[in-house]
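The values are calculated or read from the model by the stated rules, or taken from the named source; none is laboratory data. Note that the structure is a prediction, hence the values are computed from the model and not measured. Counting neighbours? That spans all protein chains shown, and the Cβs are built from the backbone with ideal geometry, glycine included. In case anyone asks, the SASA skips ligands and DNA or RNA and just uses the protein heavy atoms, side chains included. Shrake-Rupley method; radii C 1.70, N 1.55, O 1.52, S 1.80 Å.
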Amino acid sequence: MSPRNVEKDKMMREKKMQHILDCALKVMAINGFQLTSIQDIAKEAKVSVGNVYHYYASKEEIFSEVLRSGQTNYGKYVTDLAAMDMEPIAKLRVMLTSWLSLETNWAFTILMHTARLSESTPPDIKKAITDRFTVNLGPVADIMSDGIRRGIIIDEDPLQLAFYFVSLIQGLTLQRPPDYEVKVEMNVEAIIRLFEIKK
């Protein structure tokens, strides 16, 4: 097999695995981890149960990977955003706008929080979720610190401000499940003003 075909096969495999994870995220967010079966995931993904097991050993592995990949991708995103040559308020605006605009973020947020609260979630998964969440606050805290130094973000503990900002975004996201969205407009500028120094 040529190197080009090997690479193509690898890309197709990764695409199929991601498709299964995306479908699992949706199903698990709606049904909960405990009530979701491999059959439910396969049905949503429009693949056979055997095909799901070809890529993942168990429902627990899928659950863990959905959370790991989502948090890891978000961590890379906020790290890259924090490193950009932009005003801190502009970075917060971009983060807020992009998070609220993604339709699947409600599902990920619900899954992450229910995983941390559920007694059925293995302790190692709960710890990994919490550790990644805490690490991902770091770049947001860096943005807050930069804003404090520039005199444009309120002078409070940067890590606490990051925690409040991210928690606020996640709380708003939880109000946006399909068909049951709270019909209140999300005013990005009003949210940003909660963290800005009044001029």
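Where in the chain are the DSSP H helices whose alpha-carbon span along the long axis reaches 24 Å or more and whose Kyte-Doolittle mean is at least 1.0? Please list the in-between numbers first.
Details: long enough: 3-31 (42 Å, -0.66); 59-83 (36 Å, -0.51); 123-149 (39 Å, -0.07).
Membrane-span-like by this rule: not one helix.
The calculated 222 nm mean residue ellipticity attributable to helices in the chain amounts to -24000 deg cm²/dmol, summing -39500 (n - 2.57) over DSSP H runs of n ≥ 4 and dividing by all residues.
The label point for Ser69 and the one for Lys199, both projected 7 Å from the Cα toward the Cβ, are 4.3 nm apart. Here the relative contact order of the chain, from alpha carbon pairs under 8 Å that lie six or more residues apart, stands at 22 percent. Amide H to amide H distances under 5 Å link Ile153 with Ile148, Ile197, where only residues 5 or more positions off or on other chains count and H is placed in the peptide plane.
For the chain, with only Lys/Arg (+1) and Asp/Glu (-1) charged at the beta-carbon, what is the dipole magnitude about the Cα centre, in debye rounded to 20? Provide the component values of the computation, followed by the final result.
Values: 25 positive and 26 negative charges, 81 e Å.
In debye, rounded to 20, the chain gives about 380.
Consider a paramagnetic label point 7 Å from the Cα of Asp179 along Cα→Cβ; state which residues of the stretch 83-112 have an amide N under 20 Å from it. Answer for the stretch 83-112: 103-111.
Across Asp131, Asp157, Asp179, mean-square fluctuation computed from a Gaussian network of the chain (C-alpha pairs under 10 Å connected) peaks at Asp179.
Distance check, please: which entries in Lys26/Lys127; Lys26/Lys59; Lys59/Lys126 exceed 18 angstrom between their Cα atoms? Check vs 18 Å cut-off fails for Lys26/Lys127.
For the stretch 41-105, what % of the accessible area comes from carbon and sulfur atoms, probe 1.4 Å? Don't skip to the answer; put the middle values down first.
Numbers: 1890 of 3380 Å².
About 56 percent, which is the carbon plus sulfur part of the accessible surface.
Calculated FRET efficiency, Asp124 and Thr104, Cβ-Cβ r, R0 25 Å, to nearest 0.05? In this case the efficiency is close to 0.50. Comparing Ala82, Ala162, Ala128 in a Gaussian network model of the chain, where Cα atoms under 10 Å apart are tied by springs, the biggest mean-square fluctuation is seen for Ala128.
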